[in-house]
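Before any comments, here is the structure.
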Amino acid sequence: TSITIGTNGNPIISYSDDTNGNLKVAACTNATCTTSTTTTIDSVGSVGYYTSITIGTNGNPIISYSDSTNGDLKVAACTNATCTTSTNTTIDSPGNVGDYTSITIGTNGNPIISYNDLTNGDLKVAACNNPTCAGATEVDRSTKTIIDSTGSVGYHTSMTIGTNGTPIISYNDFTNFNLKVISPWWMVGGR
């Protein structure tokens, strides 16, 4: 699961429905989330694992997640504040990629996603070309960057933007059983 606060001040949660293999969103109807509206966002194959949610510059949630059936990294850009509908885009697909995602918004207003490339054991970052990560330009390999490839790395990523505008990523180095932090200085603004 992943949680953030929507523009209405209420929590919004992305999560995997493991029984049905779906990505779902629960949009709370009050600040303490005693009631919510639940929507299935993606139900094609076994999807919704390693989900991460944030609020985009348009005020709508945007969610990164793993498509386990195809081994892909995907993004669901919600079309409204409660995420009852979305545009779903495959961001990275060669091999088994997209586990342990974390999404944030860069200083340029576009989402940035950290994730694990399980096939190669790498930590990768995808910098979206627009605020909704949608369109043909998002599947261009040039938007994906290998950040660390020494050993088997990139597990359990978490990312935020530093005061200098550069992403800061924490992650697990599985080979050495270490916690690592990296700030790719060349990605100021998300690119």
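Between Thr107 and Gly189, Gly190, the built amide H atoms are under 5 Å apart, and every one of these is 5 or more places off in sequence or on another chain.
Only protein heavy atoms count here; under a 1.4 Å probe, Asp17 has an accessible surface of about 20 Å². Solvent exposure of the range 36-177, expressed per residue, is 37 Å² of accessible area, with all protein chains present and a 1.4 angstrom probe. Other residues within the sphere of radius under 13 Å centred on the Cβ of Ser114, judged by their own Cβ, net out at -2 (K and R +1, D and E -1).
For the range 27-138, the fraction of 1.4 Å probe accessible surface lying on carbon and sulfur atoms is 50 percent.
Given a 1.4 Å probe and the protein chains as shown, Leu179 ends up with an accessible area of around 140 Å².
Rounded to the nearest Hz, the phi-derived 3J(HN,Hα) couplings of the range 63-75 under the Karplus curve 6.51 cos²θ - 1.76 cosθ + 1.60 (θ = phi - 60°) are 10, 9, 6, 9, 9, 5, 4, 9, x, 10, 8, 10, 10, where x marks glycine and proline.
How large is the Kirkwood hydrodynamic radius of the range 1-156, counting all unique pairs of alpha carbons, in Å?
Working: mean 1/r = 0.0655 Å⁻¹.
So the Kirkwood estimate lands at 15.3 Å.
Assuming charge only on the beta carbon of Lys and Arg (+1) and of Asp and Glu (-1), the dipole of the range 1-114 about its Cα centre is about 300 debye to the nearest 20. For Lys24, go through the aspartates and glutamates and keep the ones whose alpha-carbon is under 20 Å away, minus same-chain ones fewer than eight residues off. Within reach: Asp42, Asp67, Asp72, Asp99.
The values are calculated or read from the model by the stated rules, or taken from the named source; none is laboratory data. Because the structure is a prediction, the values reported are computed rather than measured. Quick reminder, even Gly has a Cβ in these numbers, built from the backbone with ideal geometry, and neighbours come from all protein chains shown. Ligands, DNA and RNA are excluded from the accessible area calculation, which covers all protein heavy atoms including side chains. Shrake-Rupley method; radii C 1.70, N 1.55, O 1.52, S 1.80 Å.
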